[in-house]
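Below: one structure, written as structure tokens.
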Amino acid sequence: MPKQRASQISSGDLELREHQKAALEELAKLRREGNSIALLTHATGTGKTTTAVLDAKKMNLPTLLLAHTRELVEQGASTFARLWPEAKVAIIDGDGIRGVHHEVHPWPYQAMEQSNKNLFGKETTMQDDNNSGSNLVLVSTIQYIQRNLIDFDPEQFGYIIIDEAHHATSRTYQQVIGYFHAQFLLGLTATPERMDGQSLLEIFQNVAHRMDLRQAIELGELVPIRCIRVKTNIDLSSLRFNGIRYQAKDLEEKLHIPERNQLIVQAYQELVAGERAVVFCVNVAHAEKMASLFQEKGIAARAVSGQQSRLERQKILKDYEKGILQVLCACDILNEGWDSPETRVLIMARPTLSKVIYLQQLGRGTRKAPGKESLLVIDFVDNGSKYNQALSLHRLFKIREYMAGRYVLASPEKIAEEKAHWDARQWTQERPDLVANLHLWLKDVERVDLFDWQEAVEHMWSHRKVAIELGVDDMTVRNWVKKGKIEADHELPLGRHHYYYFEPERLEEIRTTMGIPKRLPIYEEFFAFLERGDMSSSYKPVLLRAMVDLADETGRVMIADLVERFTFFYRNRAEQNLLVEKPIFRLSRVQDLTTEEIRNILFTMPFEKFERKGYFQQSRELTQVQWAPSLWRKLTVQDKERICNKAEEQIVAYYEHIEKEKRLKK
């Protein structure tokens, strides 16, 4: 009986691809070395979910798979049921619990009503004698689990899988990850960058295996990609952005242009008429408008969005898969959880600065299908500034030379073969049949501007980092630049704000120019700062006392505990009818604030002051903060008592001062 490829299996023998074998071996090695967490980074369509399921099956522990959409939950449950047929796989969500290809036993998925126990049988003894509990798999959305954490035992799952793990930096994910004590946690993603551009290694710590989109295509795991760049005269240079995202309102206003919409339809008609294509649009209204324009030209098209019912959306997608529809117009709803091997064309009509979003959209069309030679990406290139130019296929992969319709990503052999084909025909004015209809574009090579401001400044220090190193406020450094006292090596204009970057080796030059004395060793500087007691509110000493009381032996503090202690101090004063804070501060109305609002105050006011000085810092574990290790290591028991006593002294003196001021005003 022939073996099946990993992405196509339903049952029986399974032929793993080389990258899947390597990933499984590396996961086993990481566990042997004592690691309990890892990240698997494989491009969409290369079988990363298969790899995760087989690894979970190998460990044979109660397993939890978390995703953020119902579509991903159902796909994940189906994969588990196919690859691990001995497992009892169930989905749990707001509609209840249901088995996948089997009847759900009340235990351990759901508490027996008469036992009055929580879901998953906390302390229950009603386990089926014929079931050890090791091959139980629960699949759910992160949102459902987060809302119902109290119904689960922290020790319930031995293996946890986080699908689309680039979302794992959100507070919802962090709360769930921090709650469970699994033997192993595996993150899956095709886009290893967070939406803010930072590395997921801050959470997952170890990369078990990596195969990005370029590697997957070069190895022949995914189809090659060709590209057409359609330039417009739409001016996006004034669009506001925050580094990775345009302001949505600005984008909608700038791109609500009938001529641009007509050009999108024209490009489809003249270049790829009849092919199945996905158009990525700015928003739902834009998607609906584009679908109507395609329909006016007799092209079977529909908009698909999260505003539609799940059943309606599923019907549209099925019609597309069957070929009843030729074009889908969507914004973000298809970025994840949907793959279409039948898609031959992607039309990038929604400008984005996010590598994550662009890669997700590319992944919708890179899977192989019978007769599918390549994926054609049509990039709409609007006019941006050097700092807010949208991503395109060439900019994303740093490919400077562009020629219409040519391979952008393919195996080295295919690229060399195509180049030879073109070179042989360049004097005859003939073009290969595959791209002969691209008569609207020049066949000459065009140079693409690849400037990336984030890459240009990634080795530099921001003005805030310079301020920390000099021991001054970041506004001080800003003002030095504005007044011409020092010159930044790079200036980034973002709307009304400007951000400044400096080469690290210039620190001493700046220090000398501005007459800033060298910082004391951190231990001495901290206690000098403590003794000065600069404070306009009570926040700093309250935070400081909590950071000492709650720190573990390494100087780390759980954020939830810190917020709870900070909140308790002020609510306790309110309950005792004591002065809480000056009326100008929000915490004076602490009883009206939510825990989340208090958390934001804590981190934007006192914590940031200590962080800017370099005394506190965000921990690698995003559920924690910590003392600067270089400072914490020097603190003795007597030093910690001194800090607590000084904090108490400052708190008492602060409230006495306010009461005195109130009496004088009377």
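Rule-based calculations on the coordinates, nothing more; no lab input. Keep in mind the model is a prediction, meaning the values are calculated, not measured. Heads up, the Cβs are rebuilt from the backbone with ideal geometry, glycines too, and the neighbour counts pull from every protein chain shown.
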If the chain between Met514 and Ile257 were fully stretched, how many nm would it gain, using 0.36 nm times the residue separation less the Cα-Cα distance? 87.5 nm
With a 26 Å threshold on alpha-carbon distance, the violating pairs from Lys482/Lys609; Lys355/Lys485; Lys483/Lys613; Lys289/Lys315; Lys58/Lys355 are Lys355/Lys485; Lys58/Lys355
Out of the GluC sites (Glu not before Pro) in the stretch 526-603, which ones are loop residues according to DSSP with at most 12 other C-beta atoms within 10 Å? Glu553
Counting only residues 5 or more apart in sequence or on a different chain, those whose built amide H sits under 5 Å from that of Cys329 are Val279, Arg302, Ala303, Val304
Residue separation times 0.36 nm, minus the C-alpha to C-alpha distance between His497 and Met535: what's the value? 10.9 nm
Rounded to the nearest 0.05, what FRET efficiency do Lys482 and Ser411 give with R0 = 60 Å and r taken as the Cβ-Cβ distance? Could you check? 0.70
Within the stretch 478-521, DSSP-loop GluC sites (Glu not before Pro) with at most 15 other C-beta atoms within 10 Å are Glu487
Pull up the cross-link candidates among the lysines for Lys662, meaning alpha carbon to alpha carbon under 18 Å and not fewer than 8 places away within one chain. Lys582
At 0.36 nm per residue, and after removing the present C-alpha to C-alpha distance, how many nm does the segment from Asp552 to Val637 gain when stretched out fully? 29.3 nm
So which of Lys322/Lys368; Lys386/Lys419; Lys249/Lys465; Lys249/Lys297; Lys254/Lys297 end up more than 21 Å apart by C-alpha? Lys386/Lys419; Lys249/Lys465; Lys249/Lys297; Lys254/Lys297
